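First up is the structure itself, then whatever we jot down about it.
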Amino acid sequence: MRWARTWLPGLLLVTPSIVLIGVFVYGMLGWNFRLAMTDKHDEVSEGKFVGLRNFIDIWDQPRWHLSVNHAIVFTVAFVLGALLLGWLLAFLMEKGIRGEGTFRAIYLFPMAISFVATGIVWRWLMNSGTGERAVGLNRLFDWIGLPQWQWFRDPDWGMAAMAIPAIWQMSGYVMALFLAGFRGVPEELREAARVDGCTEWGVYRHVVLPLLRPVTLSALIILGHISLKVFDLIVAVSGKQIITDVPAVFMWVAVFDSHDPAKGATIASYIVLSVAIFVIPYLIWSVRKERRS
């Protein structure tokens with residue numbers, strides 16, 4: 001009876017959420033992996049179990065290699081760009097400026113916008129038109145005398161340019177994380193380092209930055225899993241073009257344009273596994289850290 005009074009109310013409260021998550025999250029993931037292990041390459045056949053054949057065969061397709069390479073370039077550019085810009089903004093805020101609340105709201109505002117809206121705006125800003133057809137950033141570059149770019153249509157740097165809208169949208173969130181980390185460093189530790197002869201840069205290098213490692217890791221995980229499953233931003237900016245193809249867009253094309261459910265499920269499974277590579281080690285680290293503390 002004591003156990004029932006202690007645990008039963010809370011258990012009844014969370015049971016509906018547990019059931020819904022079990023069915024619509026983990027149940028759907030299981031169904032997707034099951035479909036990926038069949039030969040259901042059209043919408044009418046039943047599909048027979050083929051094991052991991054689809055997971056192996058997809059690596060023979062040039063478009064899959066291209067989409068994976070694009071996803072890697074986008075992830076590196078987006079994660080590094082958002083981390084560096086967010087850290088810089090937090091560093092400037094941490095120094096204390098007038099109107100900090102206003103600047104913080106301005107930097108955080110892009111996060112309230114959907115990736116679709118962001119993509120539509122940046123599609124105009126990153127228009128590749130040149131000369132008299134130039135608009136957006138190319139028009140600005142032409143006015144100040146800088147060379148005009150192809151942006152996301154560039155065959156070499158297109159995916160790095162595609163990361164610019166994502167950096168603009170998420171850097172404010174990263175700034176908030178780092179700013180909270182900066183404000184959480186006790187002033188006594190900084191003063192002790194200064195008394196020991198550390199310069200201001202030495203204080204940040206030896207005291208502040210090491211204490212920001214958990215914040216950096218959290219930001220890295222969040223940004224990493226966002227970049228690996230990016231879809232709406234890519235489609236809003238460039239559509240379903242090969243030059244900006246990523247696994248999520250390839251999955252959409254496979255399912256809804258090519259009508260190949262098994263291939264689409266295979267791509268989706270790879271996306272889930274790539275996200276799990278980021279998330280699961282972080283969860284294990286967090287649990288172990290809580291147990292030690």
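Of the residues making up segment 199-223, those that are open to solvent by 50 Å² or more (accessible area, probe 1.4 Å) and farther than 30 Å from LEU125 by Cβ are THR199, GLU200, TRP201, ARG205, HIS206, LEU209, LEU211, ARG213, LEU217. Scan segment 132-190 residue by residue and report those that are open to solvent by 50 Å² or more (accessible area, probe 1.4 Å), among the charged types (D, E, K, R) and either farther than 30 Å from THR216 by Cα or touching a Gly at 6+ places or on another chain (Cβ under 8 Å) (or both). Across segment 132-190, the qualifying residues are GLU132, ARG133, ARG139, ASP142, ARG153.
I'm told ILE226 meets every condition in (1) within 15 Å of ILE167 (Cα to Cα); (2) open to solvent by less than 30 Å² (accessible area, probe 1.4 Å); (3) in a helix (DSSP H, G or I) except one. Can you identify the failing condition by its number? The number of the failed condition is (2). Across segment 229-245, what is the number of residues that are in a loop (DSSP other than H, G, I, E, B) and more than 14 Å from the chain's Cα centre (by Cα)? Going through segment 229-245 one residue at a time, the tally reaches 4.
The values are calculated or read from the model by the stated rules, or taken from the named source; none is laboratory data. The structure displayed is predicted, hence computed values, not measured ones. Cβ sites come from the backbone with ideal geometry, for glycine too, and all protein chains shown count toward neighbours. When the accessible area is computed, the model is the full protein with side chains, heavy atoms only, and any ligands, DNA or RNA have been set aside. Shrake-Rupley method; radii C 1.70, N 1.55, O 1.52, S 1.80 Å.
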